[in-house]
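Working notes for the structure below.
The values are calculated or read from the model by the stated rules, or taken from the named source; none is laboratory data. Computed from a predicted model, the values in this text were never measured in an experiment. Methodologically, a virtual Cβ is constructed for each residue, glycine included, from the backbone with ideal geometry; neighbour enumeration extends over all protein chains shown. Surface areas here come from the heavy atoms of the whole protein model, side chains and all, with no ligands, DNA or RNA. Shrake-Rupley method; radii C 1.70, N 1.55, O 1.52, S 1.80 Å.
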Number of protein chains: 2
Amino acid sequence: MAKDGIGDEFDLIARYFAPLAAGAPGALGLTDDAAIVDLAQGERLVAAADALVAGIHFLADDPPGDIAAKIVRVNLSDLAAMGARPVGMLMTAVFPRDVTADWLEAFAQGLKADIEAFASPLIGGDTVAGDGPLTLSLTALGAVPLDKVLTRSGAKAGDGIYVSGTVGDGALGLIAAGGGIAGLGAEARDYLIGRYRVPRPRLDLGIRLLDVGNAAIDVSDGLLADLGHICDCSGAGARIRVASIPLSAAARAAVSADSGLWPKILGGGDDYELLFTVPADRTGAVSDIAAALGLDLSRIGEVTAGEGIEVEDAQDFGLELLDPGYRHFR
Amino acid sequence: MAKDGIGDEFDLIARYFAPLAAGAPGALGLTDDAAIVDLAQGERLVAAADALVAGIHFLADDPPGDIAAKIVRVNLSDLAAMGARPVGMLMTAVFPRDVTADWLEAFAQGLKADIEAFASPLIGGDTVAGDGPLTLSLTALGAVPLDKVLTRSGAKAGDGIYVSGTVGDGALGLIAAGGGIAGLGAEARDYLIGRYRVPRPRLDLGIRLLDVGNAAIDVSDGLLADLGHICDCSGAGARIRVASIPLSAAARAAVSADSGLWPKILGGGDDYELLFTVPADRTGAVSDIAAALGLDLSRIGEVTAGEGIEVEDAQDFGLELLDPGYRHFR
């Protein structure tokens, strides 16, 4: 056994991760080479994979339970954007060699809470002890009805463009976590940091949009960048208004204190809200969904027949030059 | 664009990885949040995920095409052990920030060759530029017939224990790559290094074992460790003979030059051969499969009603003290 009582790879899986497969017989207790996944009649599988690296997507000293929640939720957010219900997850983790039993315990507890909250068991994966930063990769498996699918490519000119919840909190939270927003109160700061650390995948919304939306994406690269993905994939353009973008009270306080933060609202990403388009004759259904879920769904513009994204009131917010989103290799 | 012409994350995916999704309409050209996976009638999904880290599972200066082949093949090997046919893969990659276009091109070519060889398209994933070692994580999706499954847990006392191909090459190849086998000829050295770098997943064998085998696993942790997994999961013991373990000519030359390498044959892992058990009344079917596939299938022992693994002739090979397999956190 290792010095801190973690044991070897097999002990670690048995102690911390195998219990997370409870309730998923196809996971075979995480003891086999692969897991078996059964869907319901009339369903088809969707799959998404995202990686998170300490120092890039989260801070190494973030609470371990929050890190666990983030790797789960950014992936479930991709399922949400396809209108899928989660059916299971496979996770590979490269832990630093000096990881402690306490850290692993808190990480596993965070996983467990989300596995239960989202009914998405851990069905497989791999653990490695490495010399680099904590690196997590997760594949989320989900199911959609055979005859329905929500993609980025279905937007049509005339569709209304909507976004759930509030936008910009993730990017501002990252700045706030670095201590960088002068004049922001502690409560607003904590709210924004929480939004950055622990996204809320809009799974119920995605499922309801299967019957209502023409296209959807989750806001991970940034509102403008993600809207750009919808436009590119749909062969359409878009017109939006900054004044219509829904902001949290904390984000409003932040941009009031420093109007130079506006570009982060539109370009910063990490919000994991759903951005979606709805044809004009289904506008009423959007209100119904908002009421049913108790979730704000804000209309921020329209899909156009043109190319590119026009921001109608960009000048009012000092937004002439916008970064179209965080791009790793730039 | 970055200094070396790679561009940003989206350019990188479009240039190197999106072409690898060709022929998989459900991959949506790698432009969407998640991929759609359709199985054939009467099939169920299996899924496996493994991560590889430079400096641990491969050497950072290994040829990029070999690294691509290894991350694909170690995962397809897990599908092989379940008797599954591959249907697609999701890969997340954390590349060093100074990765070059030439390296990525060779890596993508290696992926492409295996995607075609194994009919397993790349249907999703994520790329990140990081400060740590190259870290790859892959989830392999496969399909098995609804009414059949091959697991680690089905071994029964009296079953013959078989292994495909030859054992020990992977572990000796790692040592050889580090320059560590004195008196070994260049040809044998190259053969062993090739076996370490580029495993051969035994997919055809796994599919045929669905009707013949009681239990199967791929040899990744080491022959004894993986046999131990079968015994643990099956509630059985095993008796094997070292003299029956199939060695390549190169491995035979290596242990002749240095008999101290014998523990690496049984404990070293990285062979990705299938270790499986077959009831006595189906012994003939093993010969038929070996002939049909042109693949050696060697009987190395028997499943017992006891506990633990007895190595009958351990003393003859100086194997009193065996490491039960590579364990990351030890």
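Assorted remarks:
- All positions within segment B:266-290 that are open to solvent by 30 Å² or more (accessible area, probe 1.4 Å), polar (S, T, N, Q) and touching a residue at least 60 places away in the same chain (Cβ under 8 Å): B:Thr283
- Selection of segment B:162-191 for residues being open to solvent by less than 30 Å² (accessible area, probe 1.4 Å) and under 18 Å from B:Ser77 (Cβ atoms) yields B:Tyr162, B:Val163, B:Ser164, B:Gly165, B:Thr166, B:Val167, B:Gly168, B:Asp169, B:Gly170, B:Ala171, B:Gly173.
- The numbered conditions (1) modelled with pLDDT of 95 or more; (2) within 11 Å of another protein chain (Cβ to nearest Cβ); (3) open to solvent by 10 Å² or more (accessible area, probe 1.4 Å) are all true for B:Leu136 except (3).
- Only a single criterion out of (1) surrounded by 24 or more Cβ atoms within 10 Å (Cβ to Cβ); (2) farther than 25 Å from A:Val37 by Cβ; (3) within 9 Å of another protein chain (Cβ to nearest Cβ) is not satisfied by B:Met82, namely (2).
- Failed condition for A:Ile123, given (1) farther than 26 Å from A:Gly42 by Cα; (2) surrounded by 21 or more Cβ atoms within 10 Å (Cβ to Cβ): (1)
- Count of segment B:195-224 residues which are open to solvent by 10 Å² or more (accessible area, probe 1.4 Å) and farther than 14 Å from B:Ile300 by Cβ: 17
- Restricted to segment A:65-79, and to residues there that are more than 8 Å from chain B (Cβ to nearest Cβ) and among the charged types (D, E, K, R), the residue that is least open to solvent (accessible area, probe 1.4 Å) is A:Lys70.
- Residue identified as in a helix (DSSP H, G or I), in contact (Cβ under 8 Å) with a residue 60 or more places away in the chain and either among the polar types (S, T, N, Q) or farther than 28 Å from B:Ala18 by Cβ (or both) among A:Pro246, A:Pro263: A:Pro263
- Checking A:Pro201 against (1) over 29 Å from A:Asp61 (Cβ atoms); (2) in contact with a Leu (Cβ under 8 Å, 6 or more places away or on another chain), the condition it does not meet: (1)
- Here A:Ala27 meets the list (1) at pLDDT 85 or above; (2) part of a helix (DSSP H, G or I); (3) within 12 Å of chain B (Cβ to nearest Cβ); (4) touching a Leu at 6+ places or on another chain (Cβ under 8 Å) almost entirely, failing just condition (1).
- Screening A:Asp159 against (1) over 28 Å from A:Ser244 (Cα atoms); (2) open to solvent by less than 50 Å² (accessible area, probe 1.4 Å); (3) acidic (Asp, Glu) leaves a single unmet condition, (1).
- Check on B:Leu122, more than 18 Å from B:Ala22 (Cα to Cα) and among the hydrophobic types (A, V, I, L, M, F, W, C): no
- Taking the criterion of being within 26 Å of the chain's Cα centre (by Cα) and surrounded by fewer than 16 Cβ atoms within 10 Å (Cβ to Cβ), the residues of segment B:9-27 that qualify are B:Pro19, B:Ala22, B:Gly23.
- Failed condition for A:Arg252, given (1) surrounded by fewer than 17 Cβ atoms within 10 Å (Cβ to Cβ); (2) assigned to a loop (DSSP other than H, G, I, E, B): (2)
- Some residue of segment A:50-64 being crowded, with 22+ Cβ neighbours inside 10 Å and without any contact (Cβ under 8 Å) to a residue 60 or more places away in the chain: no
- Test for A:Leu104: is it more than 11 Å from every other protein chain (Cβ to nearest Cβ) and in a helix (DSSP H, G or I): no
- Single match in B:Thr166, B:Thr151 (criterion: among the hydroxyl-bearing types (Ser, Thr, Tyr) and either in contact with a Gly (Cβ under 6 Å, 6 or more places away or on another chain) or within 12 Å of another protein chain (Cβ to nearest Cβ) (or both)): B:Thr151
- Qualifying residue in segment B:292-303 (condition: free of Cβ contacts under 8 Å to residues at least 24 places away in the same chain and either in a helix (DSSP H, G or I) or of a type in the set (Phe, Trp, Tyr) (or both)): no
- Of all residues in segment A:28-43 being more than 18 Å from A:Arg85 (Cα to Cα) and in contact with a Gly (Cβ under 8 Å, 6 or more places away or on another chain), the one that is surrounded by the fewest Cβ atoms within 10 Å (Cβ to Cβ): A:Leu30
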